[in-house]
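**Student:** Questions regarding the structure given below will be posed in turn.
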Amino acid sequence: MNIRNFILIFLSLCFICSCNNGNEVRKETKQVSVHSSKKPKTIHVYFFEGFNETLGKNTIEQLKQVFDSVVFEGNLPYPDSAYYAPRNRYKADKLVKHLRKLQGNSSELVIGFSPRDIADKVHGYDDYGVMGWTRISIHSSAVSTHRLKDKSRQQKDFLKLVLHELGHADGLPHCKHSDSCYMKDANKKNHFPGLNGFCSHCESHLKKKNWNL
Ligand SMILES: [Zn+2]
Ligand SMILES: [Zn+2]
């Protein structure tokens, strides 16, 4: 090999190496910028008066595996305006609006845990008892343990109920993709024992909302 060829080969190798280094740098820069643009997800939780503290605190610990920050905002009296005397229960829509007012007009999710029955206008009735209620436009939810009668499953079912309503609060409709998805419509009964997670469709929506799934 003469000296001219040697220099040419040497320069080509330098060029290839510098290209590879350039790719590595670009890749690292991209990873860092994706990571730093991730907004931490915060959930604000209130307990309406009389809520089982152990159940509530355990649920908050479980939610911390899904959200960056879960803040317990304290115990809360029911607003008088939400009480519906004829059925001795509370209007769910008034509760979620009350929660949002307390938490300010933020885009962060807020949820209230209720031991008392909640109900609202749905399924053609003016006052229909529900396990959970969400107003998507204000990212606010209320959930009730009143209809989760089986104490042996209450902790598990309550977490599924909470995740279902928070899924609504972050924009998901009821799921049409899987019968075992947390976002499946309860269809007037406690269907939680048959649910085992978010389906891939719902999961990809929630991951974009910074849920740690
Ligand atoms: Zn629902
Ligand atoms: Zn789904």
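The values are calculated or read from the model by the stated rules, or taken from the named source; none is laboratory data. All of these numbers come straight from a predicted model, not from anything done at the bench. FYI the Cβ positions are ideal-geometry reconstructions off the backbone, even for glycines, and counts take in every protein chain you see.
**Student:** Across segment 75-108, what is the number of residues that are out of contact with any His (no Cβ under 8 Å at 6 or more places or on another chain) and of a type in the set (D, E)?
**Tutor:** The qualifying residues number 2.
**Student:** Residues to consider are G112, G167, G129; find the one that is small (G, A, S), surrounded by fewer than 20 Cβ atoms within 10 Å (Cβ to Cβ) and within 24 Å of L195 (Cβ to Cβ).
**Tutor:** G129
**Student:** Residues in segment 132-162 that are surrounded by fewer than 23 Cβ atoms within 10 Å (Cβ to Cβ) and hydrophobic (A, V, I, L, M, F, W, C): how many?
**Tutor:** 4
**Student:** Continuing with this model, one more query. For C175, which of the numbered conditions (1) of a type outside the set (D, E); (2) loosely packed, with under 15 Cβ neighbours inside 10 Å; (3) within 13 Å of ligand 1 (Cβ to nearest atom) fails to hold?
**Tutor:** Just one mismatch for C175, condition (2).
**Student:** Among (1) within 20 Å of the chain's Cα centre (by Cα); (2) more than 25 Å from Q103 (Cβ to Cβ); (3) not aliphatic (A, V, I, L, M), there is one condition T134 misses while meeting the rest; what is its number?
**Tutor:** (2)
**Student:** Right, here's the next one. Out of segment 59-95, which residues are of a type in the set (S, T, N, Q) and touching a Phe, Trp or Tyr at 6+ places or on another chain (Cβ under 9 Å)?
**Tutor:** T59, N75
**Student:** Here's a check for you: in segment 115-126, which residue that is of a type in the set (A, V, I, L, M) and modelled with pLDDT of 95 or more is surrounded by the fewest Cβ atoms within 10 Å (Cβ to Cβ)?
**Tutor:** Only one residue fits best here, namely A119.
**Student:** Separate question: Restricting the search to segment 53-74, which residues are in a loop (DSSP other than H, G, I, E, B) and either out of contact with any Lys or Arg (no Cβ under 7 Å at 6 or more places or on another chain) or of a type in the set (A, V, I, L, M) (or both)?
**Tutor:** K64, Q65, V66
**Student:** Now, a different point. On the basis of being buried (at least 24 other Cβ atoms within 10 Å of the Cβ), closer than 20 Å to L159 by Cβ and within 16 Å of ligand 1 (Cβ to nearest atom), does V96 make the cut?
**Tutor:** It is true that V96 is buried (at least 24 other Cβ atoms within 10 Å of the Cβ), closer than 20 Å to L159 by Cβ and within 16 Å of ligand 1 (Cβ to nearest atom).
**Student:** Only one of R147, R135, R100 is of a type in the set (K, R) and in contact with a strand residue (DSSP E or B) (Cβ under 6 Å, 6 or more places away or on another chain). Can you tell me which?
**Tutor:** R100
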